[in-house]
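Presented below is the structure to which this report refers.
The values are calculated or read from the model by the stated rules, or taken from the named source; none is laboratory data. On a predicted model such as this, the values are computed, not experimentally measured, just so you know. Heads up, the Cβs are rebuilt from the backbone with ideal geometry, glycines too, and the neighbour counts pull from every protein chain shown. Just the protein is used for accessible areas: all its heavy atoms, side chains included, with ligands, DNA and RNA removed. Shrake-Rupley method; radii C 1.70, N 1.55, O 1.52, S 1.80 Å.
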Amino acid sequence: MTTSPESASRARVVVLGGGFAGVGAVMKLKQAEADVVLIDRHDYHTFQPLLYQLATGLLETSAVGHSLRDLVQDQDNVTIHKTSVTAIDLDARQVQLEEMAPLTYDYLVLAMGAEVNFFGTEGAAEHAFPMYTLTDAIRLKDHVLGRWEAADKDPSLVEDGALNVVVVGGGPTGVESAGAIAELYRGDFEKDYPSVSQESSRVVLVEAGPEIFSMFKPNLRAYTEEALRKRTVEVITGEVVASVTPTRVTLKSGTEIPAHTLVWGAGLQGNQLVQSLGLELERGNRIGVGPDLAVPGHPEVYAVGDIAAITDARTEHALPQLGSVALQSGEHAGETIARRLRSKEPKPFKYRDKGTMATIGRGAAVVQMLGGKTMKGLKAQAAWGTVHLALLPTNEDRAHAVVDWAGAALTHQRTGRITVKTDDA
Ligand SMILES: Cc1cc2nc3c(=O)[nH]c(=O)nc-3n(C[C@H](O)[C@H](O)[C@H](O)COP(=O)(O)OP(=O)(O)OC[C@H]3O[C@@H](n4cnc5c(N)ncnc54)[C@H](O)[C@@H]3O)c2cc1C
């Protein structure tokens, strides 16, 4: 059985993915004469920029994952289904779903984001800890806490590298993760496990290119390296991770690092589902789109956020996979569909660049503005907070975030550093 739009006079817009892009699209369809169906495999929206804070116990799960149903509570024309998209037939205008009848659509928004790319690294799929989903962050936190508890009981594990962490990738995900893990180690764990020597727990950041943060200007790169060094992160550049086992990380040069934890922050690719769409894909498995973000040959289908390769109309370069690009492109698709439902012409997408930014640790961040102006330290961290607050979908969320972030910044307490298992007695 197929579920078709309820009434022939009212269009159905199906939005696949409840990340920044999908939620942006849904919100802009609030006033549209359409039934909007939002599909996500989770019942929450993930605020990915804060995953590393969840992984290191600084924030609780509810500060990083927000109920999707809550977000659209005041939007009468939206229905949410928590299910996985298993296939999309663009010609039949139909979406196949897990444990649900297929859905047909008049308009489709593809906003399923990206997924981790291990570049075929031996053992990475089985043993690495990626940092892309809420589950990834909780898994990493539980694993690291578990290694420290184990080493506390059996000191011989320390020699075996149980507490060493290798982080792969010198981009924002890798740098933020390495900085946060080092702060957790040298701050809280130093007090939590006084019998374990801090010298025996290393945090190593490995980057294949000649430098970390290649997207930033030299002064910000130098600042970042110094901020990481102060936090005792060892930076290795020009090296590639060749293989991973549960206890060892081997670099291409042959160097073997005893480490029971490898955090993967090195690469993303478009959601695997895009390969079955019969579309020509761009670099990184992403869907190329036209100026209005429509998919070539399918004017009723829009691809937005990390799943799309969007060319910046101003610079003619591909836009980066960023929260603000995802939100703005999703909003544009929602607005465009609403316009078309009112028989108005689509407009081209124009990205409003808020700057490139990243945090390294407490009070340490870098910002590079469009015109080339740079900021670092506390000022940059405040700018990061302002830009990222705007990514939250509602004012209520923003108010909560201010309290959570301010609380974490003031108290420095990582109250989330506990492990809760559902099968515990
Ligand atoms: C660790 C990390 C830190 C980051 N830090 C920053 C930062 O500081 N600033 C910044 O601007 N950007 C940052 N980014 C990038 C930013 O988070 C992404 O660009 C943005 O989340 C992309 O949004 P999206 O909506 O395209 O995809 P996503 O947010 O990935 O959303 C995709 C949604 O689709 C759902 N989905 C996927 N496949 C299926 C399926 N088959 N069936 C059903 N549902 C499905 C997923 O559950 C998910 O909810 C960071 C990313 C990461 C991973």
Rounded to the nearest 5, what is the percent of antiparallel bridges among the DSSP beta bridges in the chain? 45 percent
At q = 0.16, 0.21, 0.26 Å⁻¹, what is the base-10 log of I(q)/I(0) for the range 7-56 according to the Debye formula with one equal point scatterer per Cα and no solvent? Please give it to two decimals. -0.54, -0.77, -0.98
Distance (nanometres) between label positions extended 7 Å along Cα→Cβ at T374 and T61: 4.0 nm
Restricted to Cα positions, what overall size does the range 36-162 have along the principal axes? Three whole-Å values, descending. 62, 37, 24
When a/c reaches 1.5 or more, the comparison of a/b and b/c decides; with that in mind, is the range 309-350 rounded, prolate or oblate per its Cα gyration tensor? oblate
Using a 1.4 Å probe on the protein heavy atoms only, what accessible surface does Y52 show? Give it in Å² to the nearest 10. 30 Å²
Placing unit charges on C-beta atoms (Lys and Arg positive, Asp and Glu negative, everything else neutral), compute the dipole magnitude of the range 239-385 about its Cα centre in debye, rounded to 20. 580 debye
Give the lysines reachable from K344 as a straight Cα distance under 23 Å; neighbours fewer than 8 places away on the same chain don't count. K28, K30
Using a cut-off of 27 Å between alpha-carbon atoms, which lysines can reach K421, once sequence neighbours fewer than 8 places away in the same chain are excluded? K82, K141, K153, K191
Can you tell me the equivalent ellipsoid semi-axes for the range 186-312? Use √(5λ) from the Cα gyration tensor, largest first, whole Å. 39, 18, 15
For the range 155-210, calculate the relative contact order in percent as a whole number, restricting contacts to Cα pairs under 8 Å that are 6 or more residues apart. 56 percent
Quick one: if the Förster radius is 25 Å, what FRET efficiency do L410 and A390 give, using the C-beta to C-beta distance and rounding to 0.05? 0.65
Scaled by the rule-of-thumb 2.2 N^0.38 Å, the alpha carbon Rg for the range 233-298 gives a ratio of 1.70
What does the convex hull of the alpha-carbon atoms of the chain project to on average, in nm²? 21.7 nm²
If the only charges are +1 at each Lys and Arg Cβ and -1 at each Asp and Glu Cβ, what is the size of the charge dipole of the chain around the Cα centre, to the nearest 20 debye? 1380 debye
Using a/c under 1.5 as the rounded threshold, could you call the range 25-102 rounded, prolate or oblate? The axes a ≥ b ≥ c are square roots of the C-alpha gyration tensor eigenvalues, and prolate needs a/b larger than b/c, oblate otherwise. oblate
3J(HN,Hα) from dihedral phi, the range 252-260, Karplus parametrisation 6.51/-1.76/1.60, rounded to Hz, x for glycine, proline: 4, 5, x, 4, 10, 10, x, 7, 8
Along the Cα→Cβ direction, 7 angstrom out, place labels at H143 and E98. What is the inter-label distance in nm? 2.1 nm
In whole angstrom, the spacing between the Cα centers of the range 359-395 and the range 200-239 equals 19 Å
With a/c under 1.5 counting as rounded, go ahead and sort the range 238-378 into rounded, prolate or oblate using the C-alpha gyration tensor (a ≥ b ≥ c being the square roots of the eigenvalues; past the cut-off, prolate if a/b is larger than b/c, else oblate). oblate
Cα centre as origin, Lys/Arg/Asp/Glu Cβ charges: the range 115-243 dipole, Debye: 400 debye
Cα centroid separation, the range 55-82 to the range 252-289 (Å): 26 Å
Computed D for the range 371-425, Stokes-Einstein, Kirkwood radius over alpha-carbon pairs, 37 °C, 0.692 mPa s, to the nearest µm² per second, is 236 µm²/s
The chain - percent relative contact order, Cα under 8 Å, separation 6 or more: 19 percent
What is the mean projected area of the alpha carbon convex hull for the range 198-260, to one decimal in square nanometres? 4.7 nm²
When all Cα-Cα pair distances of the range 329-425 are considered, the percent exceeding 17 Å is 68 percent
Dividing the Cα convex hull volume of the range 126-224 by residue count, how many Å³ per residue is that? 121 Å³
